[in-house]
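Below is one structure, written out as C-alpha cells; the observations come after it.
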Amino acid sequence: MTGSVSFRITRTAEDLAQTITTLSQRLVRLEQRQEALELQLRHQHQDAQRVPDEELATLDGIDQLLRETRDLLEASATPRHGEGPETHDSDQHHGFHGEEMAA
C-alpha cells in the first residue's frame, strides 16, 4: 500500500513539474509577444507624432500663399499713376479681413 501511495505522489509530482514547465514556456512566449506589441505601439505613437509636423508644414505653406495672395490683391487694388481713386469710401477704411485701416 505504501508503494502505491509513493507511486501516486511521484506521478503527481512529475505531472506538476511538467505542468509548471509548460506554463513557464507559455509565460515566456507571452512576455515576448507583449514586448513586441509594446515596441509596435511605441513606433505607432512616434509615427502619430510625425503627422502633426507634416500638417504644420502644410499649414505654413498655405499661410505663405495667403500672404502672397493678399499682397497681390493689395498691389492690384492700389490706384496706378494717372488713374483716380475709384474705390468707395468704405473700401479705403477696411483691410483684407475687415480690419480698420488708417485713412
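So, in the stretch 25-49, how many residues would count as being surrounded by 10 or more Cβ atoms within 10 Å (Cβ to Cβ) and small (G, A, S)? Here the count works out to 1.
For D63, the conditions (1) surrounded by 10 or more Cβ atoms within 10 Å (Cβ to Cβ); (2) modelled with pLDDT under 95 are fulfilled apart from (2). Put simply, of R42, R29, R33, R70 the only residue that is part of a helix (DSSP H, G or I) and touching a residue at least 12 places away in the same chain (Cβ under 8 Å) is R70.
The values are calculated or read from the model by the stated rules, or taken from the named source; none is laboratory data. Keep in mind the model is a prediction, meaning the values are calculated, not measured. Cβ sites come from the backbone with ideal geometry, for glycine too, and all protein chains shown count toward neighbours.
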